[in-house]
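What follows is calculated from the coordinates using simple rules that are stated; it is not laboratory data. Given the structure is predicted, the values throughout are model-derived calculations rather than measurements. Backbone-built Cβ (ideal geometry, glycine too); neighbour counts: all protein chains shown.
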Amino acid sequence: MSNVLVLSSSCQGRLGMAGLALCSIFLHPLEAMSAVLDVDKNGVVDATDGVLILRRLNGASTLDTGVQLPSGQTNATIIENIDAIRFDAVGGASTSVKPSAATSSPSTVPATTTSIKPTGTSSLTTTSSSTTSSSTTSSVSTTTTSVPVNTPPVAFFSVTPPSGDTATKFNINASGSSDKEDAFGTLQFRWDWNNDGVWEQNYSSEANWNLTFPAATTANIKLEVKDSGGLTSTYTKQINISARVTTTTSTSSVKTTSTTTSIAASTCTNFAGNYLVSGTITSNMENDYCDPSETVTNESGVIKQTGCAVSFTGDGTVYNGTANTSNSVSVVASSYESGMPLNESYTFNKTTGKLSGSWSWGYGLCTGSVNFTLTKMP
């Protein structure tokens, strides 16, 4: 008959079968004095007996503990001694120590890993896995939740008209600005009217301005737009402002005020003639709407002049301007191309033969400049 050891109720339900053996040996020494637990038969029930029992419970076939076994005892005899033991809890059923094919139930250790990975739209990914003690199995489930990401606004403003003189009232309109997350009414605008780093107009919701410039200049206007998240973007545009010029029939000398210059017709430089035009047309933004930069070689152009009134005809467009006494004339033209407004403003210097300036198409959708040489034909 197998040896049977009865344990007190304090050891019940505490541990598995391996724990019952240890509980008997270390926690309840009086109960453990039974000779059945002296599995190495050295006359003493001690920790070595507990280690040997645990090794056998875990399915080991070699129980070497690193100590010399008593005379007459071998690995096989100790296994036989352990397999003969039975542990019974008080009021419970007896259980054999001898290990079977599956001696214990796997214990599950949960693990959770959370990572945040920013992408174009940002995502929050949670990964869960489980691991067992007897054999390892892993399962991974991934849940992706969209997390809103703030993007900068797009700054833009139009200028109407695109060029003019000191008497022109320019409309500066930033209603073309936008933001992917915010409504237009929540955006803030500030303005630097000459792009010198000093903001003449601080942040406000005002996106539309009417301006006049008191003197001839090339104004570089800069806009900065800020969204509700504090992100910003800027946009800069150039405006050419010429002096206000009027023509009279008087032969008196030049009379100049802060806003008006009167020039006698007899003092105007004569620009009339036939010219060959060569040079480049530059596009500042080449895209699906804007043509790339191009080179012009010896195209014909005609300048007609009546008094100080000058008109220049080239590639089918008529540019009108007023001559002055400094061997230069500014010419401007406004037309429509592909249903969108095309505004051009150039200055021709007769001394150098250079014609240069800027152009804008589609309310600033495309902008660029020209740099031409005009060679007068005999």
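Structure values in brief
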quantity	calculated
LEU37, LEU276 arranged by Cβ crowding within 10 Å, fewest neighbours leading	LEU276, LEU37
Where labels lie 7 Å past Cα in the beta-carbon direction, separation of ASP46 and ASN320 in nm	12.0 nm
For segment 320-378, diffusion coefficient by Stokes-Einstein and Kirkwood Rh (Cα), 37 °C, 0.692 mPa s, µm²/s	264 µm²/s
Straight-distance crosslink candidates among aspartates and glutamates, where the alpha carbon sits under 18 Å from LYS354 and sequence neighbours closer than 8 are dropped	GLU294, GLU299, ASP315, GLU344
Virtual spin-label span in nm between VAL154 and ASP83, 7 Å along Cα→Cβ	8.2 nm
Flagged links, alpha-carbon separation over 23 Å, of LYS237/LYS376; LYS304/LYS376; LYS169/LYS304; LYS304/LYS350	LYS237/LYS376; LYS169/LYS304
Sites THR280 and TRP209 - FRET efficiency at Förster radius 35 Å, r taken between beta-carbons, to 0.05	0.55
Alpha-carbon centroid distance for the pair segment 297-317 / segment 326-378, whole angstrom	11 Å
Relative packing of 52-60, 192-200, 169-177, which averages over residues the other C-beta atoms within 10 Å, highest first	52-60, 169-177, 192-200
